1. What's the average, rounded to a whole number, of partner chain beta-carbon atoms within 10 Å of each residue's beta-carbon in B:163-176?
2. Helix by helix, which DSSP H runs in chain A go 24 Å or more along their axis at the Cα atoms and have an average Kyte-Doolittle hydropathy of -0.5 or more?
3. Among B:SER180, A:SER99, what is the fewest-to-most ranking by other Cβ atoms within 10 Å?
4. May I ask for log10 I(q)/I(0) of chain A at q = 0.12, 0.19 Å⁻¹, from a Debye sum over the Cα atoms as equal point scatterers with solvent left out?
5. Note the full-extension length gain between A:GLN8 and A:ASP186 as 0.36 nm times their separation in residues minus their Cα-Cα distance, in nm to one decimal.
6. State, to one decimal in nm and shortest first, how far the label point of A:ALA16 sits from each corresponding label point in the other identical copies (label point: 7 angstrom along Cα-to-Cβ).
7. Would you tell me the mean number of C-beta atoms belonging to other protein chains that fall within 10 Å of each C-beta in A:152-160, as a whole number?
8. Where a ≥ b ≥ c are the square roots of the eigenvalues of the C-alpha gyration tensor, would you call the protein assembly as shown rounded, which needs a/c under 1.5, or, failing that, prolate if a/b is larger than b/c, or oblate?
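No value in this document is a laboratory result; all are computed from the given coordinates. Being a predicted model, the structure only gives us computed values, none of them experimental. Neighbour counts are summed over all protein chains in view; Cβ atoms, including those assigned to glycine, are modelled from backbone coordinates with ideal geometry.
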2 protein chains.
Amino acid sequence: MWNATVEQHRHTVHAAILDATAALIADHGLAVTMSQIAAHVGIGRATLYKYFPDVQTIVSAWHERQVTDHLDQLTAVAAECGDPGERLRMVLDSYLRLSSTAAAAGHGGHGGAAAAQVAMTLHRASHMPAAHQRLHELVTAVIAGAADAGAVRTDVPPAELAAFCLHALAAAAALPQADSRERLLDVTWAGLLPLR
Amino acid sequence: MWNATVEQHRHTVHAAILDATAALIADHGLAVTMSQIAAHVGIGRATLYKYFPDVQTIVSAWHERQVTDHLDQLTAVAAECGDPGERLRMVLDSYLRLSSTAAAAGHGGHGGAAAAQVAMTLHRASHMPAAHQRLHELVTAVIAGAADAGAVRTDVPPAELAAFCLHALAAAAALPQADSRERLLDVTWAGLLPLR
């Protein structure tokens, strides 16, 4: 009982630290200090250091949580739709919207640079090997299904098409206008279509 | 006369520092120290610090030089070819080959992570605003020419198509097999074609 409460408290503080860091980065860019984060959460610096050794580790944990959330949502979208081609389109559309939101989150005060880094991080294997690997696998599986159904070209392996999609949509997500993002989704989609 | 010689010497040492850093990163990954770089060039640490304040600045200068070299080569390729559609295809093909070489340069000893970071850096505005901006402008101009000639879709602005190309080809450049890279160039190209 006591242990469960302690565990739950730790979980709450852990999440609050990630939220505070995300908010501070949105306002001030990536040059955030441990003291600022502790003050924003309302805990002491010593307590913060019991959770995380440095800002970089917090940012990584935040990214990991964000991509995991996105993966859960994309998995749900993929499960919703029966037609393989339509499923792929919906997954790509959702991924673009989720990536754009993450990019826009950085636009608060400090704007561009932080937003670009956040958007970039969403498809950077080096920062989050596990989550990115799962994202790549999910998109690969959905593409393979669409290829089997004749909705996607079959002359390129699904895993390569998935790498193409994730990079191309990262370009789209970084654009500030919704219209531009939609256009690059269409362009990406055109790349996937069966050969004429 | 004396000044010219001093200037030339500085230029030679500067270039040697960038080369040494690139070689060390290829062998050991990005965790390179100022002492290692100085030893590799054959100069003292104090001399190295007269040229650069830290490793990050050297890596940035090396990237900047590399992208500038690539830009010069791409500009030459674009000037060579008369047909606008063919010119675009040749520029994209050259960009992919140059990016792949840069990615492979990191494959030496430390491999994957460094290669990915180098490949990534080639299309990261945050690391090299000026060079990346010129790259984007060059590709945008070539795409605009191809669109005017009817070889590329006109429903999406050339600048957006350029962002799409640079991201999609970064995905291609990161793939280890030449066949895979060629396939993603075809996929990227398919995205650019006029609507059916």
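1. So the per-residue partner count for this stretch is 6.
2. On the way: long enough: A:2-28 (38 Å, -0.01); A:55-80 (38 Å, -0.12); A:84-105 (31 Å, 0.07); A:129-148 (28 Å, 0.36).
Once both thresholds are applied, what remains is A:2-28, A:55-80, A:84-105, A:129-148.
3. By the 10 Å Cβ count, ascending, the order reads B:SER180, A:SER99.
4. Calculated log10 I(q)/I(0) at the listed q: -0.66, -1.23.
5. Result: 59.6 nm gained on full extension.
6. Values, ascending and in nm: 5.8.
7. Per residue, the average neighbour count from other chains is 3.
8. On the way: a/c = 1.90, a/b = 1.01, b/c = 1.89.
Note, shape of the protein assembly as shown comes out oblate.
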